[in-house]
1. Counting other beta carbons within 10 Å of each residue's own, what order do SER119, SER142, SER70 fall into, fewest first?
2. Evaluate E = 1/(1 + (r/R0)^6) for SER100 and GLU11, where r is the Cβ-Cβ distance and R0 equals 25 Å; express this FRET efficiency to the nearest 0.05.
3. How do HIS126, HIS104 rank when sorted from fewest to most other Cβ atoms within 10 Å of their own Cβ?
4. With θ set to phi - 60° and the Karplus curve 6.51 cos²θ - 1.76 cosθ + 1.60, what are the ³J(HN,Hα) couplings of the range 27-42 in order, to the nearest whole Hz, using x for Gly and Pro?
5. Using the Karplus curve 6.51 cos²θ - 1.76 cosθ + 1.60 with θ = phi - 60°, work out ³J(HN,Hα) for each residue of the range 158-163 in order, rounded to whole Hz, and write x for Gly and Pro.
6. Is the shape of the range 57-181 best called rounded, prolate or oblate, per the rule: a/c under 1.5 gives rounded, else a/b larger than b/c gives prolate, else oblate, with a ≥ b ≥ c the square roots of the Cα gyration tensor eigenvalues?
7. Please report THR117, THR31, THR16 as a ranked list, fewest other C-beta atoms within 10 angstrom at the top and most at the bottom.
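Computed from the coordinates by the stated procedures, all read-outs in this text should not be read as laboratory data. From a predicted model like this one, the values you see are computed outputs, not experimental measurements. A quick note on method: Cβ atoms are made from the backbone with ideal geometry, for glycine too, and the neighbour counts reach across all protein chains shown.
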Amino acid sequence: MSLGEVCRALEINEATLRQWADRGRLPVYRTPGGHRRFLREDVDALIGRNQVAEADPEDLALERIRRKLSQADVSAQPWMESFQEEGRDRMRLFGRRLLSLLLHNDLDGRSGRKGETMSETHMLGHEYGSEMAMRGVPLNDSVQAFLFFRQAVVEAVQPDRLRQVVEISDGVLVGLVDAYSARPDTTKDNTGAGLPT
């Protein structure tokens, strides 16, 4: 079976399937051209063992984030360099709250909590933006950091949750930008020079 066929059968995205194959969770074979192929029996066995349901998107996202953070090009990013250890601890807390919001809310449910959830997302983004601005991190770098973490979550979620993850994270992003907009020095760029008005 090809990568796409297995993704459809398991209802997972390609990044998750590659991760499972790399971890040995699902045996994979390579064609002479380097393409991944899977045996139908292995896929059926995985479905039969109910292991797909056991995959925790939060764990997948956290593992993906940790792996990406350990890469040299990420640790050299301006937004990463701006944090001392105490700042990293604070950002970890924001990250955990964001993961919880992204992965444990059902905007399509009948609970009537969509407005409450979206309000919470904006508030979290505003707190995150305020913290980053207070540390002198330029808005552009803050947005890049947020998008880095969001992408790790997007790659870890089931396809049917993708729209919801994007909608919630968009609310956080708006809150982040609003926090910068509310600061009195928003007419300056990161060099201190005035921006054209």
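1. SER70, SER119, SER142
2. Using R0 = 25 Å, I get an efficiency of 0.65.
3. If I rank by nearby Cβ atoms, fewest first, I get HIS104, HIS126.
4. Karplus-based 3J(HN,Hα) across the range 27-42 equals x, 10, 10, 10, 6, x, x, x, 7, 7, 9, 10, 7, 4, 4, 5 Hz.
5. For the range 158-163, the Karplus curve yields 5, x, 6, 9, 4, 4 Hz.
6. Verdict is oblate for the range 57-181.
7. THR31, THR117, THR16
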